[in-house]
Amino acid sequence: MKNPPSSARRSAVYLLDQVLGEGRLMSDLIAGGVLDHLAPPDRARAQRLASDTLRGLDRADRLLGRHLRKAPPLAVHNILRLATVELAQGGEPHGVVNEAVAIISNHPRYGRHKGLVNAVLRKTAEEAPRSWNDLRLPRLPKWLRDPLVEAWGGAAVGQMEKAHFAGAPLDLTLKSDAEDCVKDLNGTLLPTGTLRLGDQGQVSALPGFAEGAWWVQDAAAALPVKVLAPQPGERVLDLCAAPGGKTLQMAAAGADVTALDLSEKRMARVHENLTRTGLSAKCVVGDALEFEGGPYDAILLDAPCSATGTIRRHPDLPHAKDGSEFGALIELQAAMIDHALTLLKPGGRLVFCTCSLLPDEGECQVDEALARHPGLVTDRDALSRPGIDPAWITPEGGLRLRPDYWPDLGSMDGFYIACLRR
């Protein structure tokens, strides 16, 4: 489709085509402006439709396979998948089927498949709502599932997949512990202090957004700064800062914050969030491995990683990646730890974290850092924060968070966090 997709459903199909056909991440596509032509409510709906389809892809394919002799071209298949998921979730059959037919009818290459789309979806419209919950829970791809089972066991990974399929609620970090904000948003305060909302809707329309009273941040992603515990007036460095949630936390604590990120476009988002919340930090665009601005009292290194801990929030990841880049990421993380340690004041602290479920990007990374740097230790006391279960603390002194934790509260992203001191 050469012209920008003109509706939420068309835009969702375009996102699916890019993720499943081109291996692109939805976050990159959205940051690149592919949904900017839509009104905010339609942007939110397009993202939700695409995300729900990716979560339920295996189930959708199983249902569709009953009515397809062979897999159709990807563009056609994605229209069928999206419509099937929407029907399974209770979408109004007439509207869902008609727009799916309209989308394929206007496709410059596959318009001839409109009869197939119409026939298959009319059968699926009756079957999907009835059969959906009887189908097997979608599994992670083998390239990712196998190492996770080796690390955490099959039962734990099965619970992670259950959390992935359920999706993620909307988590907010409050600029201050204002009771009025909690009441206005009608959310639930989690044990670690994050405010969790069940019904996401349009984020920018929620009470307190325009006033900068809060920002979106998963409960697990909010914990690294709590472990760092920045103090008023301390010089702190946020390496790899974008999109800025951790920068905002540190600034709200009264620290003198320098936020660094390699991407100018991503750093612009940090600026936007600082402006909206009325907080201040020095923003620098640059390479973390070349930055020489120390010494700092404390450094937060949220290192580039596989992001395998965020699948419940970003279901495109297992489809857009294949694990081939993990080795290079692990080497980069080690180099970043080594460089960050040179920027610390004597007695300073470095919090290393990754939003990964792979021990190679967490536990093993810290074990190896301790071996490379005599005198470097993990600060276990830094992990004693409200809401943190002591069972999450690992043998080397880090904190392992997983999507199968908090099942009754809506789960959390996978993270690894360690506080290092010399």
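Some values worked out for this structure:
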quantity	calculated
Helix 142-152 axis, angle to the chain major axis (alpha carbon atoms, nearest 10°)	40 degrees
Alpha-carbon radius of gyration plus Dmax, which is the widest Cα pair, for the chain in Å	22.5, 71
Cα centre as origin, Lys/Arg/Asp/Glu Cβ charges: the chain dipole, Debye	1660 debye
Beta bridges by DSSP in the chain, antiparallel share as percent, to the nearest 5	55 percent
As computed over segment 319-376, the Cα convex hull volume per residue (Å³)	87 Å³
Distance histogram in 10 Å bins (all Cα pairs of segment 170-421, percent per bin)	7, 32, 39, 20, 3, 0
Accessible surface, per residue, of segment 170-421 when the full set of protein chains is kept, probe 1.4 Å, Å²	40 Å²
Label-point gap, in nm, between residue 389 and residue 408 - each point 7 angstrom along Cα→Cβ	1.1 nm
Acute angle (nearest 10 degrees) that the helix 93-105 long axis makes with the longest principal axis of the chain, alpha-carbon atoms	90 degrees
Segment 8-134: proportion of alpha-carbon pairs further apart than 19 angstrom, %	44 percent
Helix-only CD estimate at 222 nm, as mean residue ellipticity for the chain, using -39500 (n - 2.57) per DSSP H run (n ≥ 4)	-13000 deg cm²/dmol
Carbon/sulfur fraction of accessible area - segment 170-421, other protein chains in place, 1.4 Å, %	52 percent
Electrostatic dipole magnitude of segment 8-134 [Cβ: Lys, Arg +1; Asp, Glu -1; Cα centre; debye, to 20]	420 debye
Label point distance in nm, residue 135-residue 30, each placed 7 Å from Cα along Cα→Cβ	2.4 nm
For the chain, with +1 on Lys and Arg beta carbons and -1 on Asp and Glu, the positive-most of 205, 85, 172 along the dipole	85
Within the accessible area of segment 8-134 (1.4 Å probe), percent carbon and sulfur	45 percent
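The values are calculated or read from the model by the stated rules, or taken from the named source; none is laboratory data. Keep in mind that this is a model prediction, so the values were computed, not measured. Because the Cβ atoms are built from the backbone with ideal geometry, glycine has one as well, and the counts that use them run over all protein chains shown. These area figures cover heavy atoms from the full protein model, side chains too; ligands, DNA and RNA do not enter into them. Shrake-Rupley method; radii C 1.70, N 1.55, O 1.52, S 1.80 Å.
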